[in-house]
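Here's the structure we're looking at; comments come further down.
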Amino acid sequence: MCDLGMTGQGRIVYFSEFEIYRKFYGKIAFMGGLSIQKTMPFGSEPEVIKESILLINELGKHGGYIFSPSHALTPDIPVKNMEAMLKVAGNQEKYLNDG
């Protein structure tokens with residue numbers, strides 16, 4: 001990907017965000033990762049918050065990451081889960097550690 005001149009990448013199916021991040025950190029930017037197939041439609045509000053914080057903390061601590069859902073939000077996602085995601089997104093600096 002990097003050899004082709006790519007500078008950014010959303011989620012790639014079959015690989016976790018964390019695997020891709022470890023392999024390509026510093027070469028491309030990352031966006032997305034909050035599951036719209038599991039966590040957002042079927043998870044509880046605390047699960048959405050937990051996954052959101054994990055993504056921000058692990059992928060965003062050194063920059064090069066844009067927090068967002070893995071794809072467009074769908075009608076089956078509860079409003080409370082959308083609100084939880086947005087609350088975390090609006091307070092990202094609170095969840096970043098200096099790791």
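Bear in mind that the values in this text are calculations on the coordinates, not laboratory data. Bear in mind that the values here come from a model prediction, so they are computed numbers and not experimental data. A quick note on method: Cβ atoms are made from the backbone with ideal geometry, for glycine too, and the neighbour counts reach across all protein chains shown.
Here are some notes:
- Length added when fully stretched, Lys87-Leu54, from 0.36 nm per residue minus Cα-Cα: 10.5 nm
- For the residue pairs Lys50/Lys94; Lys38/Lys94; Lys50/Lys87, the alpha carbons lie more than 19 Å apart in Lys38/Lys94.
- Computed extension length for Ala72-Ala29: 13.6 nm, one decimal, from 0.36 nm per residue of separation with the Cα-Cα distance subtracted.
- Over all pairs of different C-alpha atoms in the stretch 2-95, the reciprocal of the mean inverse distance, the Kirkwood hydrodynamic radius, equals 13.6 Å.
- Cα-projected label distance for Ser16 with Glu47, points at 7 Å along beta-carbon direction, nm: 1.7
- Protection proxy ranking of 41-53, 81-93 - average other beta-carbon atoms within 10 Å, highest first: 41-53, 81-93
- Hits among lysines - C-alpha to C-alpha of Lys23 under 18 Å, sequence gap 8 or more where chains match: Lys61
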